[in-house]
Amino acid sequence: MRRLSFLVLVLVVAGVVSGEAAALAKVQVPGVQVALSRHGYYKGPVDGISGPLTKRAIRDFQRSKGLEADGVVGRRTRAALGRLGRPLFGARLLKRGMAGFDVSVLQFLLGQRGSRPPSLDGTFGPVTERHVRRFQRRAGLAPDGIVGKRTRAALHTSGGGRHVVRRAGRLHVVRPGETLSGIAARAGTTVAALARRNRLDPNRLLLVGTKLVLPMGGGSATPASRGAVEASLGRWAAHYGVSPDLVRALAWQESGFQNDVRSRAGAVGVMQVLPATRAFVEGVLIGEPVPRTMDGNVRLGVAYLRHLLHRFGFDVRLAVGAYYQGPASVQRRGLMRRTRHFVANVLALRGRV
């Protein structure tokens, strides 16, 4: 089991697993993020995505410990992470009193299934045990508070007995890349008020999947403020590893940072996303629906831009042209005259907006 666990986590970061091993590998990523965050190297959301921010944090941590900065969380890197670096999730039964990497993963998975403990601290205390029992009851399992094979299997399923508790106000589920300050700004409230309303510690990690109650009448109303749009552009550019200057230039050329813009062709929002593009990004690139908000629109656009950069060998001119003209058309016909003007404008705007 020890050899398999080591191999799985190596493959998580390398991104080369498939099938059953991929399901086991993917679930370990939150443990890496929590451990790196506790050491002060990871500043992003705990979202279970092994993206550029996570890989950069791994390398920075490795350098600080005199390890080879290969971005692979192997045995030596996990040992350097200390108590929260091991063991991997699935290597042992989990119960009250334990602590470690696998407990961090457990707490993340509970949050994904609607039974969020108050913090991601890698410690299996009474609160985590209470949430485990609650999840087990919802999943039709014996509520013994012990996480064994059956409970782990239920946590891996998409349903997992997920419930939504509605209270006065609007419900918002925290998405990858979001921060408490960004959510508060879009909701027209303060971090302190939002934290107090939801009994959160604003200094702790914000878990993706956390359900927040927002004030009525706030939220992602359009038009969004420029500050909110800029924050969203920067956040998703970092999340997907795309140049923030390029993302801002494209957004400015498309909409002038305005979320209430709609083209004759049906493109909408800051990033002027077409319905067909939304369907492709949600169904193929992200794999889940994206909220129809300003922030969701930005995420769609940046994820699609990243896809185009990869598709065109990181040729920025072709990728930006494909964003405007369509990738199939660019491959078949090259950049048309109007597209060349569009691309020239975007490139001229980099670093200026």
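Laboratory data are not the source of any read-out in this text; all were calculated from the coordinates shown. These numbers come from a predicted model, not from an experiment. Cβ atoms come from the backbone with ideal geometry, glycine included; neighbour counts cover every protein chain shown.
Would you list which lysines come within 20 Å of K65, measuring only between C-alpha atoms, while excluding same-chain residues fewer than 8 positions from it?
Within reach: K43, K55.
Output the peptides 99-106, 69-76, 307-314 sorted from most to least packed, where packing is the average of other Cβ atoms within 10 Å over each peptide's residues. Walk me through the numbers on the way to the answer.
Details: 99-106: 25.2, 69-76: 17.4, 307-314: 15.1.
Going from most to least packed, we get 99-106, 69-76, 307-314.
What are the lysines whose alpha-carbon lies under 24 Å from the alpha-carbon of K95, with same-chain residues fewer than 8 places away excluded?
K26, K149
Taking H placed 1.01 Å from N in the peptide plane, check which residues at least 5 places from M98 or on another chain put their amide H under 5 Å from its amide H.
F124
What net charge is computed for the residues neighbouring R96, neighbours being all others with C-beta under 11 Å from the C-beta of R96, Lys and Arg scored +1, Asp and Glu -1?
Values: positive: K95, R130, R133; negative: E129, D144.
Here the charged neighbours net out to +1.
When the chain is fully extended, how far beyond the present Cα-Cα distance does N203 get from R92, taking 0.36 nm per residue of separation?
36.9 nm
Apply 1/(1 + (r/R0)^6) to the Cβ-Cβ distance of D144 and S329, taking R0 = 56 Å, and write down the FRET efficiency to the nearest 0.05.
FRET efficiency, D144 to S329: 0.40.
Report the full-extension gain for the segment E282 to L171: residue separation times 0.36 nm, less the Cα-Cα distance, to one decimal in nm.
Working: separation 111, 0.36 × 111 = 39.96 nm, distance 2.15 nm.
Result: 37.8 nm gained on full extension.
Please work out how much length the chain gains when fully extended from R130 to S225, using 0.36 nm per residue of separation minus the C-alpha to C-alpha distance, in nm with one decimal.
The span from R130 to S225 would gain 30.1 nm if fully extended.
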